[in-house]
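To start, the structure under review is shown below, and the notes come after it.
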Amino acid sequence: MSYSGWKATRKSAGALQLDPANPRIPPSSKTLSQSELITELVTHDDVYQLALNIQANGFFPTEPLVAIREKGKYYVAEGNRRLAACKLLANPDAAPEDFRSRFKLLSAKMSPTEFDKIPVVVAPNRDSTVPIIIARHTLSQIARWEPAMQASFYYRLVSAGLSVEDVANKFGLPAARIREGLHSHNLYQMACRLKLPVKVADHVRNPREFNLTTLTRVFDSPHGRDFFGIELAPDGKISGKIPPQEFQKGFARLVKDLASGDADSRTLNSPAQIKEYLEDFGPTEKPDLSKKGSFDSDSFLTKGKPAKAKLGGKPTKKPKPSKNRGLVPSDFVCNLKGDRIRDVLIELKILPPEKFPNAIALAFRCFLELCVHSYLNQKGEIKNMENEKKAEIQTKNLTRKPGQPPLRLEPHWTPTLNEMLNRIVDPNRNLLSDNQVAKAMKKTLKDEQDLFALNLYTHNPNYHPSGPKLRNSWKHFDALLRLVAA
């Protein structure tokens with residue numbers, strides 16, 4: 001394709017629209033507004049980090065946004081995260097509440113006219129942008145989409161009325177890749193239609209989190225297709241040879257296991273592992289292949305429309321991510337002072353520990369230490385502990401041999417996390433308003449299991465954290481942190 005005829009221009013961030021058809025956006029029963037799109041991208045797609053880079057280095061003129069003109073407006077087909085970053089640097093009040101102050105700090109360092117003339121190339125139509133989008137997001141470029149996003153993109157190409165072969169020929173893609181993408185998309189839509197517990201459903205309906213690759217791998221295996229009584233049709237549809245209710249029994253179990261982490265890419269990596277896993281299904285979970293019936297991915301559970309994905313909300317309100325997404329529940333409120341505490345808390349609420357166990361383990365220990373130190377400092381206890389340490393050193397100096405240099409308190413001394421936690425639960429100091437929390441925390445410190453685990457996360461190269469371990473650790477410190485952060 002020749003791009004020489006595409007119009008190169010410059011437009012302000014405000015004159016450009018985010019694309020509601022962006023595959024990064026989770027499935028929804030309605031078209032999202034521009035503010036809702038901003039909230040989704042900021043909450044889940046690291047727009048703030050991109051804004052930091054733009055603030056530090058400027059908007060690279062060699063990477064213009066790619067826009068199309070539809071209904072009199074310019075929609076950005078490629079570069080939505082960059083556009084969202086520019087919009088919020090130009091107008092930080094439009095950012096979600098949890099990010100607003102940070103965008104204001106970045107915006108204050110930039111010229112008000114910085115984003116009046118963003119480089120844009122205008123494509124003649126949406127189809128002409130496809131090769132660029134494929135190259136950047138489905139092949140080997142840095143902004144690669146999650147599997148569910150790639151699958152959604154291929155589905156939109158075909159749903160425009162083209163056959164698999166037409167799309168393959170038009171855009172130079174292997175037909176097999178498009179079929180795989182369509183099968184993945186249809187499996188994902190079927191998973192989103194299931195009636196699942198709220199927390200599980202929220203995880204499944206977020207394409208950034210759900211393990212679609214492993215779900216597809218199960219159905220790519222002959223044993224998986226035979227077990228569930230389905231076939232993968234050449235047009236990308238999933239065709240069932242049994243009643244949909246029978247398929248649903250096993251399918252729901254598989255989807256829930258993938259959402260909870262009970263099954264993953266390691267345990268379902270080979271045909272033998274898939275066969276062993278499926279053979280472990282109970283009688284009420286195994287599809288009865290003797291029953292006659294049929295369905296396909298379009299008709300599967302059509303009486304219940306695909307559930308709307310839980311979105312970030314309007315930027316004028318605080319986003320409400322799923323409580324089980326991050327390590328820290330979304331209802332956790334922290335009134336302690338300090339930008340560092342606030343920033344770490346935001347990340348602990350957003351990043352799933354199942355996906356980032358090492359980063360979350362370190363961030364959790366850091367957050368615990370920052371909160372406890374801040375609380376004790378407000379109570380004057382950090383100064384008291386410093387004075388006690390000085391007195392202890394003076395006592396030791398009295399017993400040192402002549403000629404030995406005196407011991408001194410190291411510069412910028414601060415108590416260890418263990419020392420601070422023992423201080424805060426000391427019954428003789430009454431530092432906590434809830435005695436039950438103090439007693440429970442004292443027992444936790446006596447057992448030392450959870451505190452020991454936190455230290456292992458930080459210092460032991462052979463100890464590996466996991467999502468379940470981290471969530472269990474949070475349970476033991478939740479009540480204490482709610483008290484000190486209130």
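The values are calculated or read from the model by the stated rules, or taken from the named source; none is laboratory data. Model, not experiment: these values are computed from the prediction. Cβ sites come from the backbone with ideal geometry, for glycine too, and all protein chains shown count toward neighbours.
Name the residues in the stretch 7-49 that are modelled with pLDDT of 85 or more, of a type in the set (A, V, I, L, M) and closer than 25 Å to E347 by Cβ, would you?
L18, L32, L37, I38, L41, V42, V47
Considering only the stretch 350-366, state which residues are within 20 Å of V333 (Cβ to Cβ) and either without any contact (Cβ under 8 Å) to a residue 40 or more places away in the chain or of a type in the set (K, R) (or both).
L351, A363, C366
It is to be established whether one or more residues within the stretch 100-108 are closer than 27 Å to R156 by Cβ, surrounded by 23 or more Cβ atoms within 10 Å (Cβ to Cβ), in the same structural domain as D45 (by TED's automatic domain parsing) and touching a residue at least 24 places away in the same chain (Cβ under 8 Å). Steps first, answer last, please.
So the first thing to find is which residues in the stretch 100-108 are closer than 27 Å to R156 by Cβ, and the list is none.
Taking every residue of the stretch 100-108 in turn, none turns out to be closer than 27 Å to R156 by Cβ, surrounded by 23 or more Cβ atoms within 10 Å (Cβ to Cβ), in the same structural domain as D45 (by TED's automatic domain parsing) and touching a residue at least 24 places away in the same chain (Cβ under 8 Å).
Sort out which residues of the stretch 28-66 are among the hydroxyl-bearing types (S, T, Y), within 21 Å of the chain's Cα centre (by Cα) and more than 15 Å from Q17 (Cβ to Cβ), and write them in order of number.
S28, T39, T43, Y48
Is it true that some residue in the stretch 56-64 is touching a helix residue (DSSP H, G or I) at 6+ places or on another chain (Cβ under 6 Å) and not basic (K, R)? Please lay out each step first, then the result.
The initial filter retains those residues of the stretch 56-64 that are touching a helix residue (DSSP H, G or I) at 6+ places or on another chain (Cβ under 6 Å), namely none.
No, the stretch 56-64 contains no residue that is touching a helix residue (DSSP H, G or I) at 6+ places or on another chain (Cβ under 6 Å) and not basic (K, R).
All but one of (1) under 30 Å from K355 (Cβ atoms); (2) at pLDDT below 80 hold for V437; which doesn't?
Tallying (1) under 30 Å from K355 (Cβ atoms); (2) at pLDDT below 80, V437 fails exactly one: (1).
Limited to the stretch 380-428, what total is found for residues that are over 36 Å from the mean Cα position of the chain (by Cα), under 28 Å from K439 (Cα atoms) and outside any helix (DSSP H, G or I)?
Adding up the residues that qualify gives 4.
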